[in-house]
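Written below as structure tokens is the structure these notes are about.
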Amino acid sequence: MNTTKKHLTLVLLGMIIILPIFTTSCFKKGSEDPFLSIYTRKARVTGKWQIDYLKWDIKSNDEINELQTITIANGTDWEREIQIVGTDSVRNLKGKVLEGRNTIIFYKDGRFVQTWEYEYDENIPDPENEDIVTTNTTKVFESMEGTWNFLHNIDDYKTKERLALVVENIKSKTFVYQLVETDDDEETPSPSLISTYASTNAYANGEYSTTWTLRMLKNKQIIMDQDIESFEVITNDESGNSYTEVGFKTQTLTRE
């Protein structure tokens, strides 16, 4: 056997040994995925992640008002714009995400836990006295738990290109602090707690789920997108009201 044939034989033998190691889950699925990764898709998802960037653009309609809500968080900067569609009524809020509190953990056993904590200030003018400045600071803590798994090839999507989150419970706490300042203050005033709100929602298995498309899945970074299109009828003793949401969400995760 000459040298060329010997080298060719070694290359082929090496490919036979190595190729089985790279399962189909190691190859490109999302539009911005690497062509090949040494990690499986499950290994790339599993772990603790920071939500470094997100943008949610959602229109909601409750038969009374149609609202467009745009939320953007970039690092620790947070802002939200709420507009009544078809009017000039716009509410702009700016605040911050608390450091280290915007995380999602995907466990190897198929569970996930997400926490999200942010706060924002809102100045409220006094219509009778411009020397009085009232600032409301709203602090929000949200958490969500459930299970995660990949979806198979449905429609135009590849197997493991999408991630399904089956939500089991959602918890939310909101605290509103008020600070009133006037030109007559001799001492620096302190904010006081004026209202609190807490809620817990539990869901049966499969009752509430969300689906994310993994546009990019790397070992250190994930970019995921979600189309929003939901319809709900809220029924009480007198009538049934409908509530709809349409829009999209996108977020970038960075491994801790």
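The values are calculated or read from the model by the stated rules, or taken from the named source; none is laboratory data. The structure presented is a predicted model; accordingly, all values stated were derived computationally and were not measured. With ideal geometry, Cβ positions are generated from the backbone for all residues, glycine too; neighbour counts draw on all protein chains shown.
D121 fulfils the conditions (1) without any contact (Cβ under 8 Å) to a residue 60 or more places away in the chain; (2) among the charged types (D, E, K, R); (3) assigned to a loop (DSSP other than H, G, I, E, B) except for a single criterion, (3).
The criterion of being out of contact with any Leu (no Cβ under 8 Å at 6 or more places or on another chain) and either modelled with pLDDT of 95 or more or assigned to a loop (DSSP other than H, G, I, E, B) (or both) holds for E130.
Those strands (runs of 3 or more DSSP E) of the range 28-88 in which 1 or more residues are among the β-branched types (V, I, T) and either on the phi > 0 side of the Ramachandran plot or exposed (fewer than 15 other Cβ atoms within 10 Å of the Cβ) (or both) occupy 66-74, 77-84. Exactly one residue out of Y157, Y118, Y107 is of a type in the set (S, T, Y) and at pLDDT below 95: that is Y157.
Conditions tested, residue by residue: (1) without any contact (Cβ under 8 Å) to a residue 40 or more places away in the chain; (2) under 21 Å from E99 (Cα atoms); (3) surrounded by 15 or more Cβ atoms within 10 Å (Cβ to Cβ).
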residue	(1), (2), (3)
E128	yes, no, no
T137	no, yes, yes
E145	yes, yes, yes
I154	yes, no, no
K158	no, no, yes
V166	no, no, yes
K171	yes, yes, yes
V176	no, yes, yes
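So in the range 160-184, with the set limited to residues that are aliphatic (A, V, I, L, M) and within 16 Å of N136 (Cβ to Cβ), which one is modelled with the highest pLDDT? Looking at residues that are aliphatic (A, V, I, L, M) and within 16 Å of N136 (Cβ to Cβ), I get V176. The residues of the range 95-126 that are surrounded by fewer than 17 Cβ atoms within 10 Å (Cβ to Cβ), more than 29 Å from T182 (Cβ to Cβ), of a type in the set (D, E, K, R) and touching a strand residue (DSSP E or B) at 6+ places or on another chain (Cβ under 6 Å), listed by number, are R101, R111. Scanning the range 40-77 for residues being within 18 Å of D227 (Cα to Cα) and hydroxyl-bearing (S, T, Y) gives a total of 4. Counted as qualifying within the range 186-256 are the strands (runs of 3 or more DSSP E) with 3 or more residues that are at pLDDT below 95, namely 209-217, 221-235, 240-255.
Kindly provide the set of residues from the range 39-89 that are β-branched (V, I, T) and under 21 Å from T213 (Cα atoms), ordered by number. Passing the criteria: T40, V45, T46, I51, I58, I70, T71, I72. Going through the range 141-185 one residue at a time, which ones are of a type in the set (A, V, I, L, M) and part of a loop (DSSP other than H, G, I, E, B)? The answer is L151, I154. Tell me which residues, restricted to the range 99-136, are under 18 Å from the mean Cα position of the chain (by Cα) and more than 30 Å from T252 (Cβ to Cβ). None; the set is empty.
Residues checked against (1) touching a strand residue (DSSP E or B) at 6+ places or on another chain (Cβ under 8 Å); (2) at pLDDT 80 or above:
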residue	(1), (2)
N2	no, no
K6	no, no
I17	no, no
P20	no, no
T24	no, no
T40	no, yes
K59	yes, yes
D62	yes, yes
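Please name all residue pairs, on different chains or six or more residues apart, with Cβ atoms under 6 Å, provided the first residue is in the range 185-201 and is under 29 Å from S143 (Cα atoms) and hydrophobic (A, V, I, L, M, F, W, C) and the second residue is at pLDDT 95 or above and not in a loop (DSSP other than H, G, I, E, B). Short answer, once both residue conditions are applied: L193/Y177; I194/V176; I194/Q178; A198/K173.
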